[in-house]
Structure formats: structure tokens, C-alpha cells
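Heads up, the thing below is written out as C-alpha cells.
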Amino acid sequence: MNDHILDSEVQQYINHHLNDDVHKIAMAKSPFPEVSSKELANQIAAKNKSVKKLPTWYHQERIYYPLLLSIEQCSSESTAAYKASLVQGETLIDLTGGFGVDSLYFSKRLKSVTHCELNEELSAIAAHNATALNQDNIQFLAGDGMAYLEDTKTQFDNIYIDPARRSQAGKVFMLKDCTPDVVTHLDLLLSHSNRIIIKTAPLLDISAGLKELKNVAEVHVVSVRNECKELLWILQKTAPEQVKIVSTTLNEQQKSFSFFKGEEDTAAEITAVELQQYLYEPDTALLKGGAFNLIASRYGLQKLHSQTQLYTSDHIVPEFPGRRFRINRLLPATELKKEKDLRGNVIARNYQDKAENLVKKYKIKPDNHRFLIFTQSKKEGYLIIDATIEQHY
């Protein structure tokens, strides 16, 4: 950590050149003898990356940014705040602290947080920034979090860990392919806390994760703008009778859909007899959670087809986590070919062609409000729905 980056002249330079080309800055001669041009370029690039992702850090003076990769890999403030809502008690140890975003949000909810980070420089950076942000209840330890846990007798109300996937791992994502290996160290984790929170990438299959882990009480699927960001696994010392699945969308309004694993298996499939006034498209968090039939029964909707995760109804469900469309009409493909200035955003669900191919085939221009939904229903077979969007993700 180069403390000269925090000098007032350097900070002024960084803020003054936020809109400049960082590649040119990196190649030019640095105006500061103690700070290289590459360091300046990295501070600017990392700060720009934080505008929307980490606004608290971006707007705070004298924040020290790590390598850009650390900013790209760390949690956003919205997902960090959600994780913080899952903690209990007064204490937590973050075994893979990184840039410290999650730890800082945990510290807003708890009496004390211990931040472990193997990279000494990153640990020092996180510690400096916590001071700059006036958060004084975080202890920073530069070292292997799992090794620290093996040596300490301290009990924590919560343990948080974000294992990284090993680069040599294959296409199939397994927890045993990550570092730290939470599967091997599961008994160690459970011996130090009654509540373990494990963050994984959404690529991990929920069923596969449940087979690798034990004592899973909850699985949270978190998405932002219909992009699944992370899976959160909550484990406890005593094996629960049922596993709770929670699908949460973090947009302007937070929405959640929860159920116990096994409920979906017994839920009846409610198939639409005909299209009604509204069409519903579930957020990716719901689809990852796997509650395809429960979605219909909970919200009073009907599925278009057993393999089409689109739903219809004659009433509005504002709490639905996903998009809602008002159906204007059904369009036969022959009529679509006749239109000269065809406009609409294309969605293809359980259809015989991909959206990008349909756009080219019918020469469809984008539109902010109109959608052309190519799909399949049990009654109509393949169909094209002309619809207007009324609720975004």
C-alpha cells in the first residue's frame, strides 16, 4: 500500500482526471515522484468502477482503491446490505474479507466483526477505508482465515465465507473445487459457530450444493436487474427438518419469494386454457430457485405450457418478482412478415428459434414499451404475443 496515493495533491489529481483515458495516463509520465502512472490509472479506473456499485466508497474522501480486479470481484453495496440482513447475534468473522464491503455492512448490524484477508496489502487497504468511513468495530487480521479459525478458541455468532473457484477447475462447478474448501472444513466451521453463511456464484447448481453440504437451513438466490448475482447458503449446527429456498430481487423495490424444498414437487401444475389480459415473466432469481408451479398457485396465475415459464392472468399482481405485460393481441407469423416497420423488443421462450435470429428474420427494430414474445402454449402451440410492458424487473 503506497501511502503517498492519499496525499492531497494526488487525490486532487485522481478526482480531476476521472473522465480521462486511463490507458493514456498509465503510459504517460507521472507528475508525482512517489506515485507511478500505473498506480494513478488504477485508482482512477477503480474509483470509476465504484460509482454505482459502491457509491458510499466513491463519495467518501481519501478512499484507497486496490487493484481493479478486487473491485470487480467484490460485493455491491446492495448485495452486501442484503447479506447483512441475514446475520444474527453480535459477532461475525469474515474469513475471506477482501476489499471489505461485506464486512463493513456486517459491522453496521453487529457489535463486532473480524475481517481476515490473506493478501496483506488488501487487508491494509480495507482497514484504512474502514477508518475513513468511520466504522471502528472491525478487527483486521492479515492472514489465512481458516488457519486462524483452527488456532482460536473463540466462538462467533456468525461465520461468513466467500470461497473462490480454483482456476484449474473444470466446467462443472463444485464447492470442493473452491478455495477455501468449505466441504472439507465444514466440521471446523460448525465447531466455531451456529450460523455459517457461504456465498457462491450463481453458476452452482442448488441440488448439487445441497448434496455437498450438510445442515443447510436456507438457500438465498439474489438477483439485480434480472441478473443472478450470488447464492447464499445458511448452515446451522443442528440439521433442519426442511430447507428453505428464498428468491430475492434487489431493484428499486426488494421482492422475495420463499418456499420449502419439496413444496414444488407436490404443487399442482395450473395450465392456462387461454391467454388472459396479463402476461408474467419471472425474474431469474425465481427460475434459479425452481418454484415453477408454486409461482402459479401463490399468485393465482396460469402457466402457458409445462416447459414455458411464462404465466397469464386477468388480474394485476404488483408483488410479483419479474416483469408484467399487458397483452394486446396474438400475431400469426404470416402477418408478422407483412409489416414493413415492425418494432418491439423480442423475447423467445420455449420457441423454435432464438431471439437474435427472429430479430433478423422479421427485421424487428427495438422499442421501449412494445414487446413481441415468441413462445408456446399448451392450447395454441407456437404463438407470437404482441404486448406492452407495465412492470419492469
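The values are calculated or read from the model by the stated rules, or taken from the named source; none is laboratory data. Keep in mind it's a predicted model, so treat the numbers as computed, not measured. All Cβ positions, glycine included, derive from the backbone under ideal geometry; neighbour counts span all protein chains shown.
Taking the conditions exactly as written (touching a residue at least 24 places away in the same chain (Cβ under 8 Å) and part of a strand (DSSP E or B)), does Leu330 satisfy them or not? Against the criterion (touching a residue at least 24 places away in the same chain (Cβ under 8 Å) and part of a strand (DSSP E or B)), Leu330 qualifies. Taken over the range 272-328, the criterion of being on the phi > 0 side of the Ramachandran plot and in contact with a helix residue (DSSP H, G or I) (Cβ under 7 Å, 6 or more places away or on another chain) is satisfied by Gly290, Gly322.
Selection of the range 208-233 for residues being touching a Leu at 6+ places or on another chain (Cβ under 7 Å), closer than 19 Å to Glu263 by Cα and aliphatic (A, V, I, L, M) yields Val216, Ala217, Val219, Val221.
Exactly one residue among Phe292, Phe320 is at pLDDT 95 or above and surrounded by 18 or more Cβ atoms within 10 Å (Cβ to Cβ), and that residue is Phe320. Scanning the range 287-315 for residues that are touching an Asp or Glu at 6+ places or on another chain (Cβ under 8 Å) and assigned to a loop (DSSP other than H, G, I, E, B) gives Gly290, Ala291, Ser306. Just one of the numbered conditions (1) under 19 Å from the mean Cα position of the chain (by Cα); (2) closer than 23 Å to Pro240 by Cα; (3) at pLDDT below 95 is not true of Phe173: (2).
Are any residues in the range 225-259 part of a strand (DSSP E or B) and among the aliphatic types (A, V, I, L, M), and if so, which ones?
Within the range 225-259, the first condition is being part of a strand (DSSP E or B), and the residues that meet it are 227-236, 244-250, 254-259.
Matches in the range 225-259: Leu231, Leu232, Ile234, Leu235, Ile245, Val246, Leu250.
Within the range 87-102, is there a residue that is among the charged types (D, E, K, R) and either free of Cβ contacts under 8 Å to residues at least 60 places away in the same chain or assigned to a helix (DSSP H, G or I) (or both)?
As a first pass, look at the range 87-102 and keep what is among the charged types (D, E, K, R): 90, 94, 102.
Filter again for either free of Cβ contacts under 8 Å to residues at least 60 places away in the same chain or assigned to a helix (DSSP H, G or I) (or both), leaving 102.
Scanning the range 87-102 turns up at least one residue that is among the charged types (D, E, K, R) and either free of Cβ contacts under 8 Å to residues at least 60 places away in the same chain or assigned to a helix (DSSP H, G or I) (or both).
Exactly one residue out of Lys49, Lys83, Lys38 is modelled with pLDDT of 95 or more, buried (at least 21 other Cβ atoms within 10 Å of the Cβ) and either assigned to a helix (DSSP H, G or I) or not assigned by TED's automatic domain parsing to the domain that holds Ala201 (or both): that is Lys83. If the condition is being small (Gly, Ala, Ser) and closer than 21 Å to Gln135 by Cβ, then the range 24-82 contributes Ala46, Ser50, Ser70, Ser75, Ser76, Ser78, Ala80, Ala81. Scanning the range 340-369 for residues that are surrounded by 17 or more Cβ atoms within 10 Å (Cβ to Cβ) and part of a strand (DSSP E or B) yields a total of 4.
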